[in-house]
1. Looking at (1) surrounded by fewer than 23 Cβ atoms within 10 Å (Cβ to Cβ); (2) modelled with pLDDT under 95; (3) touching a strand residue (DSSP E or B) at 6+ places or on another chain (Cβ under 9 Å), which is the one condition that is false for Phe258?
2. Hey, does segment 1-13 have a residue that's over 22 Å from Tyr333 (Cβ atoms), modelled with pLDDT of 95 or more, assigned to a helix (DSSP H, G or I) and in contact with a helix residue (DSSP H, G or I) (Cβ under 6 Å, 6 or more places away or on another chain)?
3. Which residue, of Ile354, Ile293, is under 24 Å from Asp49 (Cα atoms), modelled with pLDDT of 90 or more and among the hydrophobic types (A, V, I, L, M, F, W, C)?
4. So how many residues does segment 167-178 have that are buried (at least 21 other Cβ atoms within 10 Å of the Cβ), over 10 Å from Asn322 (Cβ atoms) and not hydrophobic (A, V, I, L, M, F, W, C)?
5. For residues in segment 96-109 being of a type in the set (Gly, Ala, Ser) and modelled with pLDDT of 70 or more, which is surrounded by the most Cβ atoms within 10 Å (Cβ to Cβ)?
6. Take the conditions without any contact (Cβ under 8 Å) to a residue 24 or more places away in the chain and either surrounded by 13 or more Cβ atoms within 10 Å (Cβ to Cβ) or among the aromatic types (Phe, Trp, Tyr) (or both) and apply them to Asp9. Does it pass?
7. Take segment 7-21 and flag every residue that is within 20 Å of Gln157 (Cα to Cα) and small (Gly, Ala, Ser).
8. Assuming Lys74 fulfils every condition listed in (1) surrounded by fewer than 17 Cβ atoms within 10 Å (Cβ to Cβ); (2) in contact with an Asp or Glu (Cβ under 6 Å, 6 or more places away or on another chain) apart from one, which condition is it?
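The values are calculated or read from the model by the stated rules, or taken from the named source; none is laboratory data. This one's a predicted model, so the numbers in the text were calculated from it and none came from an experiment. Here the Cβ positions follow ideal geometry from the backbone for every residue, glycine too, while neighbour counts run over all protein chains shown.
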Amino acid sequence: MGNNTAIADVLDQLIGKHIAFACWFNPRESRLGLIVGNASDVQYFNGFDQLNGEAGFVFAPYCITEKSPVILLKPIVHFEDFGSGDHLNMSSFEPFQLEQAADAHQFQSKEEYLKLIEETVTDIREGALSKVIISRLIPVRRTDTSLATTFFQLHDQTPNAFTYLVNLPVAGIWMGATPEVLIKSRDIQFETVSLAGTQVRKSGEEEYYWSTKDIEEQAFVSRYMLDVFFNFDIHQYKTIGPETMESGKVAHLKTSFFFPAEKISDCLGSFIADLHPTPAVCGLPKDLAAEYIRLKEVHVRKYYTGYLGPWRLNQQVSLFVNLRCMEITPDEYILYAGGGITARSVPEKEWDEINQKAKTLLSVIDPDKIQK
């Protein structure tokens with residue numbers, strides 16, 4: 001772990017002292033971004049479009065509720081490349097108050113989950129839904145291993161993902177490694193990504209073959225992106241893909257869209273509000289899928305399938321969809337994972353897909369569980 005040992009100690013101290021912070025590695029980068037702030041430097045919003053004109057690190061939920069607002073940590077201290085030689089005066093920060101009691105989590109057995117998927121496939125075949133994402137929670141008993149050390153291990157194992165660790169009031173401690181760009185600035189362009197379809201990562205030069213179900217699922221997301229572009233008068237754009245993208249233990253189908261930044265430079269928050277949640281985390285038609293999720297999922301998603309990342313820091317934006325993530329409680333790691341259900345879905349295969357996605361996190365918190 002090298003010099004990361006000293007950095008991990010700093011991050012663990014921030015957690016122990018209940019100081020608000022967010023740290024992250026961008027995909028294929030070794031620079032550790034870090035923002036630290038006072039409790040009073042954390043802002044809460046009840047609308048995604050309220051991010052217009054703001055700057056900081058954003059941690060947004062799948063669906064805004066009283067208990068899961070959009071959180072923005074203002075950059076009182078900001079390092080683009082935090083290293084062991086950098087110093088933080090812990091006593092200079094105002095800690096936040098811990099919540100008295102966490103919400104109880106609802107877990108499903110395999111039988112309960114398979115029954116829900118069977119019902120969902122039937123509902124899709126008989127109704128107006130084309131696709132809906134159904135997720136579940138996977139609890140793992142927490143060990144006394146340093147969370148920051150686990151974070152660095154996660155980065156080492158998923159270098160092409162956005163890896164992060166946050167400690168924030170209201171949200172608590174979350175960690176993840178997500179491959180999916182929501183929106184990212186690139187010079188005078190913005191990039192957004194259509195990502196869907198999942199299979200086990202291949203080894204060596206072995207080729208990927210995608211099923212009709214995966215191709216259709218990814219096409220749903222791409223068509224949705226184009227509808228959002230039309231709403232914001234974006235008619236000229238460049239695409240790359242669909243192509244295979246590997247991330248952690250799995251691979252996905254990905255199409256990247258590039259368009260002029262000037263189109264949404266003054267209304268970026270509004271664009272995000274229209275874009276999120278995408279069909280990759282919700283479904284189509286969007287309103288019907290969102291209502292179906294609300295009625296059928298037994299748990300609250302909180303910040304799973306929301307988005308997060310640097311927002312207008314040095315005029316740059318780098319937001320990612322919060323996939324392959326876990327909420328960390330005093331006693332457990334709560335892993336969140338989901339899959340896209342269509343008329344072609346097979347319940348057992350959906351169960352296997354979710355377990356494959358969970359391996360990205362299980363490999364660093366409980367490697368033995370992967371073998372079970």
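1. That leaves (2) as the condition not met.
2. no
3. From the options Ile354, Ile293, the qualifying one is Ile293.
4. So the count comes out to 1.
5. Ser109
6. no
7. Ala8
8. (1)
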